[in-house]
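Engineer: Pasting a structure below so you can have a look.
The values are calculated or read from the model by the stated rules, or taken from the named source; none is laboratory data. Just so it is clear, the model here is predicted, and its values are computed rather than measured. Note that we place each Cβ from the backbone using ideal geometry, even for glycine, and neighbour counts take in every protein chain shown. Ligands, DNA and RNA are excluded from the accessible area calculation, which covers all protein heavy atoms including side chains. Shrake-Rupley method; radii C 1.70, N 1.55, O 1.52, S 1.80 Å.
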Amino acid sequence: MLGKLLDFEQKGNQICFRFENGKAKITALTDSVFRIFSGNSTIRSKAVEKSTDRKPVELKVYREKDGVRISSRRLSLLVGDEFAVDFYWADGRPLCREYRGKRTYLQEMEKEERELMAGEGHFLAEEKRTHRIEVLKAIEGDECFYGLGDKTGFLNKRFYAYDMWNTDNPDPHVDSFRALYKSIPFFMARTDRGDYGIFFDTTYKSVFDMGKESPDYYYFAADAGNLDYYFFAGNSLPEILTAYTDLTGRAPLPQIWSLGYHQSRWSYKTEEEVRFIGDTLRKLRIPCDSIHLDIDYMERYKVFTWNRERFPDPKKMLSDLKNEGFKIVTIIDPGVKVEKGYPLYEEGMEKGYFVVSPSGETYVNAVWPGDAVFPDFGNPAVRNWWARQQKTLTDMGVRGVWNDMNEPATFRGEIPEDVVFSDEEQKTDHARMHNVYGHLMAKATYEGLKEADGRRPFVITRACYAGTQKYSTAWTGDNHSIWAHLQMAVPQLCNLSLSGMPFVGTDIAGFGSDATPELLVRWVETGCFSPLFRNHCCLSAVRQEPWVFGKEVLDIYRSFVELRYTLIPYYYDLFWEEEHTGWPILRPLVFQYEDDPETWEMNDQFLIGDRILAAPVLQQGVRRRMVYLPEGVWYDFWTGEAVSGKKAFLRDAPLDTCPLYVKAGSILPRWPVQQYVGEKEIRELILDVYPGEGECFHYQDDGETFAYREGGYNQYRFRIHPDGEFEAELLHRGYAAPYETLLIRCRGEETRMSFKDCQKINRKLW
Ligand code: GLC
């Protein structure tokens with residue numbers, strides 16, 4: 001494509017190359033992060049929103065026999081003909097090299113053969129032979145690949161191929177799906193030569209073949225847009241994720257109530273039903289912070305309206321529910337109903353805010369309300385307009401907005417690629433804006449909520465692009481109430497976490513198909529640990545609220561929701577850490593223990609932060625399971641028994657038990673059970689101390705506002721030493737209500753300590 005490398009020129013951190021057939025450049029962001037670029041520089045990244053101008057990086061750039069060598073203190077790049085780029089460590093060890101052979105295509109098929117198969121109903125994806133932009137990298141050892149967003153299947157993406165094209169497909173999502181709702185073109189590679197990450201920053205449809213076509217290489221490719229990728233080198237996956245989220249942004253600290261339990265269904269259709277759900281949750285003492293209203297709260301699915309027959313006084317309803325501790329989250333879809341006299345439609349039409357066909361008429365497709373038009377979210381004026389609409393919700397008392405169908409999903413076929421969309425001030429097409437449509441909608445929603453409400457916005461989105469974490473939480477869309485989807489939830493959420501999206505969850509007990517009592521139990525035992533903790537299901541499915549399957553299920557369900565509520569301070573600490581480091585809340589074991597090959601493909605266990613390991617039961621009828629603990633000593637959460645790691649063993653797991661282990665030296669901050677966050681004034685912090693050596697930074701603030709950004713928070717440091725010495729200290733005091741007492745629980749004993757004057761405490765625990 002670019003042909004022979006002719007010459008180069010260095011300007012600070014940037015090296016510009018001239019090839020026979022075009023130009024390219026490489027920019028050093030740091031010693032170990034490089035941007036590789038060739039194309040049209042007027043396309044602005046949707047993921048990288050802050051300036052990438054960094055401090056000068058010390059580089060040596062010179063011509064060698066095989067190309068141009070660029071050396072930083074940490075890496076050394078060799079740039080050759082065709083803009084092939086090899087990455088080496090500074091000491092010369094290879095890390096990631098271009099594959100210089102030819103592609104070996106998969107199975108050739110005749111047209112008639114394809115037709116024959118199509119006759120029986122087989123769907124055969126058209127695999128392209130060549131792409132305008134195609135980067136092949138050599139697979140040189142035991143590479144494992146992680147990330148790539150919400151893709152189906154297992155944790156390690158090696159040997160699978162995927163498309164980045166936001167897709168709403170309600171069929172049961174299986175391993176062979178190439179695309180789902182989210183396009184996050186970022187992955188990390190764990191190799192025996194070191195770790196690296198690649199972020200291919202294109203919003204166009206792209207392909208990631210991670211060694212399916214050939215064991216010798218993987219490739220990423222697209223047919224439009226730029227060759228524009230970032231390369232992150234590191235000693236560990238955490239280091240790479242920090243660098244990636246430094247570039248694309250991090251999820252801001254959420255409102256603390258959003259870490260509680262959310263109850264949903266398509267749909268709670270009347271005021272009476274919503275009140276019934278709230279009352280029942282309280283009566284049965286199932287802690288809950290939020291009830292979600294699906295599309296039926298609207299008048300004929302017109303966004304930003306209320307169906308006044310079913311909800312005669314929404315403001316009053318929301319205010320009554322608020323008094324019971326419930327926050328209401330409402331769904332908002334992008335499709336605006338075509339209807340004369342509907343103000344949103346009329347105003348959008350008048351201002352030209354909807355996308356248009358190439359010949360200039362407003363483009364119409366169908367979604368829930370029937371004929372609908374689609375806001376042109378790439379246009380900043382449209383985003384502002386949409387942002388302003390959020391006030392109609394917050395004025396009613398709505399506390400969060402759930403953005404759905406924003407791939408965008410359409411019922412009369414996909415929007416043609418040439419439909420005209422804006423990309424800021426430029427006019428472009430659906431092909432470029434499709435994968436960022438949901439991202440931009442979530443951004444507008446976030447900004448509108450922030451303006452209207454002032455508190456930290458709570459947004460949930462189905463469609464995402466890289467960087468959506470700055471604006472929204474996400475759920476994994478329409479899974480099914482099948483065991484295979486409970487199993488998939490673990491790697492899917494872990495890979496989203498490793499793609500920079502920490503605040504994620506699945507629909508607990510599954511959306512489509514019908515839950516069984518046992519599936520509901522095992523799903524809540526797993527799902528109570530996902531940052532977004534919501535039970536939601538489909539219109540047609542059997543009900544799956546916690547009480548519908550009788551007392552035994554209800555009691556187990558309640559105990560896991562209660563467990564989650566006691567761990568909210570720990571989750572909140574993890575979010576604080578995430579905002580500073582990009583490290584997710586849910587972590588696959590490989591994230592912390594990548595030197596241990598047992599963790600590389602661990603699909604059925606995960607970590608919550610660095611301290612708790614969950615080994616949930618994910619199979620029907622199973623009452624014991626194999627647990628693997630990595631190195632070190634771990635404590636069985638339920639029995640307190642100490643177990644040495646680096647071994648697998650069988651653990652009983654009756655229906656009411658999810659095997660959980662806590663790392664020695666952990667200090668877990670906990671609260672008493674509350675029916676909703678803020679029900680009780682908490683002036684005592686519980687600290688569960690697990691003997692060993694460790695420290696815990698605990699974070700506390702008002703749980704809602706942005707005051708923490710101006711120092712309005714308290715930060716504590718707790719330490720435990722192997723000889724039983726415990727230390728507590730308030731490191732930062734900026735929030736007016738620090739804890740007055742600490743309740744230390746260790747080895748079956750409780751010690752209460754006054755912390756009133758926030759003095760430094762030292763105490764022997766054993
Ligand atoms: C989509 C969503 C689902 C929602 C339904 C109705 O299928 O994924 O969560 O309940 O639309 O709004």
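Engineer: Evaluate segment 408-416: report whether one residue or more is more than 16 Å from the ligand (Cβ to nearest atom), of a type outside the set (D, E, K, R) and buried (at least 20 other Cβ atoms within 10 Å of the Cβ). Step through it out loud before you land on a result.
Structural biologist: In the first step, residues of segment 408-416 are kept if they are more than 16 Å from the ligand (Cβ to nearest atom); the result is 412-416.
Next cut, of a type outside the set (D, E, K, R) only: 413, 415-416.
Restricting the remaining residues to those that are buried (at least 20 other Cβ atoms within 10 Å of the Cβ) gives 415.
Checked segment 408-416: at least one residue is more than 16 Å from the ligand (Cβ to nearest atom), of a type outside the set (D, E, K, R) and buried (at least 20 other Cβ atoms within 10 Å of the Cβ).
Engineer: Tell me yes or no: at least one residue of segment 651-661 is hydroxyl-bearing (Ser, Thr, Tyr), over 31 Å from the mean Cα position of the chain (by Cα) and under 27 Å from residue 581 (Cα atoms).
Structural biologist: Among the residues of segment 651-661, not one is hydroxyl-bearing (Ser, Thr, Tyr), over 31 Å from the mean Cα position of the chain (by Cα) and under 27 Å from residue 581 (Cα atoms), which makes the answer no.
Engineer: Return only the number of the condition from (1) at pLDDT 95 or above; (2) touching an Asp or Glu at 6+ places or on another chain (Cβ under 9 Å); (3) of a type in the set (D, E, K, R) that residue 679 does not satisfy.
Structural biologist: Result: residue 679 fails condition (2) only.
Engineer: Next question, about the same structure. Can you say whether residue 392 is within 32 Å of the chain's Cα centre (by Cα), within 16 Å of the ligand (Cβ to nearest atom) and of a type in the set (S, T, N, Q), as far as the supplied structure shows?
Structural biologist: Considered against the rule, which asks whether it is within 32 Å of the chain's Cα centre (by Cα), within 16 Å of the ligand (Cβ to nearest atom) and of a type in the set (S, T, N, Q), residue 392 comes out as no.
Engineer: Restricting to segment 348-374, and then to whatever is open to solvent by 60 Å² or more (accessible area, probe 1.4 Å) and more than 33 Å from the chain's Cα centre (by Cα), can you tell me which residue is farthest from residue 429 (Cα to Cα)?
Structural biologist: 350
Engineer: Hey, could you check segment 516-541 for residues that are part of a loop (DSSP other than H, G, I, E, B) and within 15 Å of the ligand (Cβ to nearest atom) and say which is farthest from residue 573 (Cα to Cα)?
Structural biologist: 540
Engineer: Can you tell me which residue within segment 197-226, out of those that are among the acidic types (Asp, Glu) and under 22 Å from residue 166 (Cα atoms), is least open to solvent (accessible area, probe 1.4 Å)?
Structural biologist: Residues of segment 197-226 that are among the acidic types (Asp, Glu), as a first pass: 201, 209, 213, 216, 223.
Going one step further and asking which of them are under 22 Å from residue 166 (Cα atoms), we end up with 201, 209, 223.
On the way: 201: 18, 209: 2, 223: 64 Å².
Here the answer is 209.
Engineer: Those residues that are within 16 Å of the ligand (Cβ to nearest atom) and under 25 Å from residue 256 (Cα atoms), I need them from segment 469-495; list them, please.
Structural biologist: 472, 473, 474, 475, 476, 477, 489, 492
Engineer: Hey, among the residues in segment 532-546 that are touching a residue at least 60 places away in the same chain (Cβ under 8 Å), surrounded by fewer than 23 Cβ atoms within 10 Å (Cβ to Cβ) and not hydrophobic (A, V, I, L, M, F, W, C), which one's nearest to residue 459 (Cα to Cα)?
Structural biologist: This residue is 534.
Engineer: Would you check which residues across segment 304-336 are within 16 Å of the ligand (Cβ to nearest atom) and not in a loop (DSSP other than H, G, I, E, B) and list them?
Structural biologist: Of everything in segment 304-336, those that are within 16 Å of the ligand (Cβ to nearest atom) and not in a loop (DSSP other than H, G, I, E, B) turn out to be 328, 329, 330, 331, 332, 336.
Engineer: Here's another thing I want to ask about it. So which pairs qualify, if the first residue must be in segment 738-763 and within 19 Å of residue 638 (Cα to Cα), the second must be open to solvent by less than 10 Å² (accessible area, probe 1.4 Å) and of a type outside the set (D, E, K, R), the Cβ gap must be under 6 Å, and the two must be at least 6 apart or on different chains?
Structural biologist: From residues that are within 19 Å of residue 638 (Cα to Cα), the pairs are 744/687; 744/689; 746/689.
Engineer: Please indicate, with yes or no, whether at least one residue in segment 433-441 is open to solvent by 10 Å² or more (accessible area, probe 1.4 Å) and either closer than 30 Å to residue 352 by Cβ or part of a helix (DSSP H, G or I) (or both).
Structural biologist: No, every residue in segment 433-441 fails to be open to solvent by 10 Å² or more (accessible area, probe 1.4 Å) and either closer than 30 Å to residue 352 by Cβ or part of a helix (DSSP H, G or I) (or both).
Engineer: Being at positive phi and either assigned to a strand (DSSP E or B) or modelled with pLDDT of 95 or more (or both) is the filter here; which residues of segment 707-747 pass it?
Structural biologist: Within segment 707-747, 711, 724 meet the criteria.
Engineer: Would you call residue 101 on the phi > 0 side of the Ramachandran plot and either at pLDDT below 85 or part of a loop (DSSP other than H, G, I, E, B) (or both)?
Structural biologist: Criteria not met by residue 101.
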